[in-house]
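Student: Submitted below is the structure of interest, expressed as structure tokens.
The values are calculated or read from the model by the stated rules, or taken from the named source; none is laboratory data. All figures in this text were calculated on a predicted structure; none of them were measured in a lab. Cβ: placed from backbone, ideal geometry, glycine included. Neighbour counts: every protein chain shown.
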């Protein structure tokens, strides 16, 4: 994929190396809640007095004990991000791919008389806090409708290549475009409708709705790929195969087999490898937004 030199999106929030917020402003309220307990006993009062002495002594010696206990440093001074050259290259690539999704979806929404609102993509390391809760990198890239943000730990791309056998930049771009597809669903009200339809359903029925939602995001990723190929003309030979390999690698049936588990279709939430390939291909080959209506399809593949 010929991405170098492309426009980078400004909607990137880099939290790499920072981790989820800890301590800080939450430390003082926590200490106040403990105060009544400390005052109830002689030992507690001694601990409290000793703590005050340590704090005052620290101030006299030129350091702030409370700051150290709450994580250190000033709240306005973010931790220094240490990243490798490979990680920085992936970050630039991610910004360019996000920019290409913006160009594509602005055009599609405009054709439908709608206005596309761009999401923010958050880069993180290890664990991150979002409006959808705290999540570790183990869950993989995800979209949170609560804050309209895509979250990616760039280490996932190494797992995609080495663990799942799906290398290549267009495989990585497919993953980003899929998560942006969930943002499109949110803007169009599809996510809200699916969430409402899941209420009161059995687990198998709710999972089946999730599969249709995920396969539509795959189709939207393919639709983006169509525009990158035919409008921007940025694809190289073999790029499509990279995306299809990635779609195959993260099918529910394949992941269950690789984990040594029995394949249970009722537990699927994203679709089989075959289905994911089929729906990405449908968007990629047609370039037609209406071709991505997984909810009306009788046969998902």
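Student: Determine whether the range 143-162 contains at least one residue that is over 19 Å from the mean Cα position of the chain (by Cα), assigned by TED's automatic domain parsing to the domain that holds residue 248 and at negative phi.
Tutor: So far as the range 143-162 goes, yes, one or more of its residues are over 19 Å from the mean Cα position of the chain (by Cα), assigned by TED's automatic domain parsing to the domain that holds residue 248 and at negative phi.
Student: Continuing with this model, one more query. Could you grab me the full set of residues in the range 274-296 that are surrounded by 15 or more Cβ atoms within 10 Å (Cβ to Cβ) and not in a helix (DSSP H, G or I)?
Tutor: Across the range 274-296, the qualifying residues are 287, 294.
Student: Does residue 153 satisfy the condition of being within 18 Å of residue 13 (Cα to Cα), touching a helix residue (DSSP H, G or I) at 6+ places or on another chain (Cβ under 6 Å) and modelled with pLDDT of 95 or more? Show your work before the answer.
Tutor: Working: within 18 Å of residue 13 (Cα to Cα): yes; touching a helix residue (DSSP H, G or I) at 6+ places or on another chain (Cβ under 6 Å): yes; modelled with pLDDT of 95 or more: yes.
Considered against the rule, which asks whether it is within 18 Å of residue 13 (Cα to Cα), touching a helix residue (DSSP H, G or I) at 6+ places or on another chain (Cβ under 6 Å) and modelled with pLDDT of 95 or more, residue 153 comes out as yes.
Student: With (1) within 26 Å of residue 119 (Cβ to Cβ); (2) in a helix (DSSP H, G or I); (3) touching a residue at least 60 places away in the same chain (Cβ under 8 Å) as the list, and residue 217 as the residue in question, which single condition is left unmet?
Tutor: For residue 217, the failing item is (3).
Student: On to the next question. Being in the same structural domain as residue 97 (by TED's automatic domain parsing), part of a loop (DSSP other than H, G, I, E, B) and buried (at least 22 other Cβ atoms within 10 Å of the Cβ): is that true of residue 271 here?
Tutor: yes
Student: Suppose the filter is touching a residue at least 60 places away in the same chain (Cβ under 8 Å) and either over 18 Å from residue 276 (Cα atoms) or buried (at least 17 other Cβ atoms within 10 Å of the Cβ) (or both); does residue 204 pass it?
Tutor: When the stated conditions are applied, residue 204 passes them.
Student: Keeping to the range 222-268, report how many residues are surrounded by fewer than 15 Cβ atoms within 10 Å (Cβ to Cβ) and part of a helix (DSSP H, G or I).
Tutor: 7
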